[in-house]
Amino acid sequence: MIVLPFDQDIGYPQQQQVQINGITYTVYHRWNPEDDGFAVLQIVRDLDGAIVLNSRIEPVTPIAARDPVTCVDLFQVFPYTITASTCEVWIIYD
């Protein structure tokens, strides 16, 4: 398990790179002020630019990141704490 990088001093939007299972991904966080506000998380595989996740995230609601071609689960995204000022997301993988 790893925690996705998020710099609270910067806030939203931001992007960071992270390695998961030896593959580099770019993680994009943004805050959408609509509907009382919610976070959107996009994860892009740097190797080929494939979007493996692009979703609204809610606290303690797991989401699968999938290969866009094969639809195989790559890892699980577990948003732990999501607010307008912070975003703690856990990645669970084998």
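Laboratory data are not the source of any read-out in this text; all were calculated from the coordinates shown. Note that the structure is a prediction, hence the values are computed from the model and not measured. Cβ placement follows ideal geometry from the backbone for every residue including glycine, while neighbour counts extend to all protein chains displayed.
The charge dipole of the chain, taken about its Cα centre with unit charges on the Cβ of Lys, Arg, Asp and Glu (plus for the first two, minus for the last two), comes to roughly 120 debye. Between E88 and D48, take the C-beta separation as r, use R0 = 35 Å, and let me know the FRET efficiency to the nearest 0.05. Computed FRET efficiency for E88 and D48 comes out at 0.80. Between Q76 and I10, the contour length at 0.36 nm per residue exceeds the Cα-Cα span by 21.2 nm. Pick from T70, T26, T83 the residue whose mean-square fluctuation is largest in a GNM of the chain, springs joining Cα atoms under 10 Å. Answer for the Gaussian network model of the chain: T70.
Both numbers refer to the Cα atoms of the chain; Rg and Dmax are 12.6, 37 Å.
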